[in-house]
Every structure is written in C-alpha cells, then in structure tokens.
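Inspection log for the structure reproduced underneath, given as structure tokens.
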Amino acid sequence: MSRLRVTSVVPLTPRMTRLTFTGPGLGELGTWPDQQLKLLFPKPGRSAHVSNAPDVGTWYQAYMAMPEDERPWMRSFTVRSLTDGVLTIDFVLHGDNGPASQWASQAQIGDVIGRFGPSPDYARPLGEADLLVFAGDETALPAIASLLELLPDTRRRQVFVEVADPAEEQDVPGVRWIHRSAGEDLVSVVTAADVPADAWVWLGGEASAVRALRRHFVGLGVSKKDIEFAGYWRRTLTQDDAPTADDLAEAQERIAALSE
Ligand SMILES: Cc1cc2nc3c(=O)[nH]c(=O)nc-3n(C[C@H](O)[C@H](O)[C@H](O)COP(=O)(O)OP(=O)(O)OC[C@H]3O[C@@H](n4cnc5c(N)ncnc54)[C@H](O)[C@@H]3O)c2cc1C
C-alpha cells in the first residue's frame, strides 16, 4: 500500500470534485488508457494504512487479514491523469451515503488516503474498429475523457455520458450529454443510436445500465470481444457488499470475452 497526500481540491461541477495527490512511487508508475486503482479511506479514528500481516502473500490478503473495524474502506477509481508524479482523480459527490463520496466532499490539502495500483495487468488496448462507441455515467467520465485524450482526431467515435443536469457537463469535446433532469437516461439514448455491428464499444457506469447496454450491443451483432464493459457501482449496494448473481454472471462474461 502507498500513501496519497492531497495537494489540491478543485470543484469541477456541483457534483464532481477534482483532487490531486502526491505520494511515494507515483513518479515511477507508467501510464496507459483507462488506469484503474483502489483507494483506501480511513474509518473514523483509524488510518488508511494496511498493516503487512506476516505470512500474507498479496495486498488483498493483507487487507482482508485486518480486523474489520480497522480495515479502511476500499473503493475503485480512475486515474484522470498522472503527470510528473502528480495524480489527479475526479470524484463524483453522490451524497453522504458512501465513505468515498463523503470523504471527497470534505477533503482538504494534507489529508492522507491509501492506494493499491494502478497495475498494468489491467491495461486494455482500444479497439481497432472504424467506429468507437463510449457510453457511461458521471463515474465513467474520468475514464472516457482520458481515453478520448489518447484517441487521434482521425478515429471516428460516438460518446454518450449521462449526468444529473447541464451544470454537470465538462469540457470534453464531442460528447452527447444525457440529462437525468430532462427525463433522459443512458440506456434509452444509446439504444436509439445508429451503431453498426462492426463497432468497438466501451461501457462503464451503474451496473444494471451497463448490463442492459451490453445486451443491446450483443443483440445488434457486435462481437463480445469488442465490448469492454464494467459495472462501476450498484444501486442500493455498496462496493463492500457481496456480488449479486448478475455481478457473478458479468464477471464470467468478462473472463469469457478475454479468451475469445
Ligand atoms: C473501475 C472503476 C473505476 C471508477 N472510477 C471512478 C472515478 O474515477 N470517479 C468516481 O467518482 N467513481 C468511480 N467509480 C465508481 C465508484 O467506485 C463508486 O461510485 C463507489 O460506489 C463509490 O464509493 P462510495 O464509498 O462513495 O459509495 P458506496 O459505499 O460504494 O455506496 C454507498 C451508496 O451510494 C450509492 N452510490 C455509489 N456510487 C453512486 C453514484 N455514482 N451515484 C449515485 N449513487 C451512488 C450506492 O448505490 C450505495 O447505495 C469507479 C468504479 C470502478 C469499478
């Protein structure tokens, strides 16, 4: 586990805040598209530190070996950028009902959390197809924006991002913004779009929406190996809750798609 220290706090929109961090090892990390990492948030009166329990091989075992009341909350996030050892992460402020959101809404310069990753084992290349489709909600916006920044202007793309309302839009070129405040939703808008079967598709966001969109694109004839997908959060369930039957089926599908 490595420590991350907050070096700046910048509100991007009413519901999204950008934090930058410094910390050991950041300067040596490589960069690749869609970098994901685990962040560790301290429980009240505790630290974000994960003790290195003896006889424990991997970081996850060390983490799980901690007594539950000391074990920090662990949540997944995306590297928005990593430049000269400065890590930038954009946090959705979805309310005080989750430790990550609550922490981010109150974060101050000097606060310390922990990180595992990002690991190049999770690096996935962009598709070669003529048309790339990106669809997600605000939690996926950091990933989508960082992927688009790497995409040459010549690559054709369709980009769909669902946010609460127009105040949540960011300066990301070419996005079809979908506003919940206007009664729109990601699944309805994306399934109505004209996408050819030879497209490459990237999906991230609320788990049931991602599943519905994946089913839609498979139904359109898009090859499963050309659909990158991940449920980023689950309605009513936290990231600590056990996987549902749908989550397990999704995990199996992801493994199967990798070996196709
Ligand atoms: C690979 C990956 C990358 C991610 N990257 C980012 C990122 O860069 N920025 C980011 O903000 N999030 C990102 N997420 C999503 C983030 O991990 C989840 O939103 C996570 O649940 C937040 O933790 P929490 O402690 O705030 O809430 P939790 O304790 O996990 O959940 C508490 C409650 O909040 C609800 N909830 C969780 N997220 C949301 C939401 N977005 N909107 C409304 N309700 C919600 C849950 O349904 C639950 O009822 C990513 C997820 C994955 C898997």
Self-check item: Fraction of beta bridges assigned by DSSP in the chain that are antiparallel (%, nearest 5)
Solution: 55 percent
Self-check item: Antiparallel bridges, percent of DSSP beta bridges restricted to the range 124-258 (to nearest 5)
Solution: 5 percent
Quiz prompt | Residue-level accessible surface for SER223, protein heavy atoms, 1.4 Å, Å² | solution = 40 Å²
Quiz item: Roughly speaking, what % of Cα-Cα pairs in the range 124-258 are separated by over 17 Å, rounded to a whole number?
Solution: 58 percent
Exercise. For the chain, find the longest principal axis of its Cα atoms and tell me its angle to the long axis of helix 207-220, 0 to 90°, nearest 10.
Key: 30 degrees
Practice problem: State log₁₀ I(q)/I(0) for the chain at q = 0.07, 0.09, 0.17 Å⁻¹ as given by the Debye formula over alpha-carbon point scatterers of equal weight, solvent excluded. | Solution: -0.25, -0.41, -1.49
Quiz item: For the range 2-119, taking Cα atoms only, what is the radius of gyration to one decimal and the Dmax to the nearest whole Å?
Solution: 14.1, 46
Quiz item: Cross-link partners among aspartates and glutamates for LYS43, C-alpha distance below 19 Å, same-chain residues fewer than 8 apart left out?
Solution: GLU68, ASP69, GLU70, ASP96, ASP111, ASP240, ASP241
Exercise. Place a +1 charge on the Cβ of each Lys and Arg in the range 124-258 and a -1 charge on the Cβ of each Asp and Glu, then give the dipole magnitude about the Cα centre in debye, rounded to the nearest 20.
Key: 460 debye
Quiz prompt | Accessible area expressed per residue, the chain, with surrounding protein chains retained (probe 1.4 Å, Å²) | solution = 50 Å²
Exercise. Write down, largest first, the equivalent ellipsoid semi-axes of the range 185-237 in whole Å, where each equals the square root of 5 times an eigenvalue of the alpha-carbon gyration tensor.
Key: 20, 12, 8
Quiz item: Round to a whole number: what % of the accessible area of the range 124-258 belongs to carbon and sulfur, probe 1.4 Å?
Solution: 53 percent
Quiz prompt | Pairwise centroid distance, computed over Cα atoms, of the range 175-192 with the range 114-136, Å | solution = 23 Å
Quiz item: Taking R0 as 22 Å, what's the FRET efficiency between THR83 and ASP121 from their Cβ-Cβ distance, rounded to 0.05?
Solution: 0.50
Self-check item: Calculated FRET value between GLN108 and SER188, using beta carbons and R₀ = 41 Å, to 0.05
Solution: 0.55
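The values are calculated or read from the model by the stated rules, or taken from the named source; none is laboratory data. Fair warning: this is a prediction, and the values are worked out from it, not measured in the lab. Positions of Cβ are generated from backbone atoms using ideal geometry, with glycine treated the same way; all protein chains shown enter the neighbour counts. Quick note on the areas: whole protein, heavy atoms, side chains included, nothing else; ligands and nucleic acids left out. Shrake-Rupley method; radii C 1.70, N 1.55, O 1.52, S 1.80 Å.
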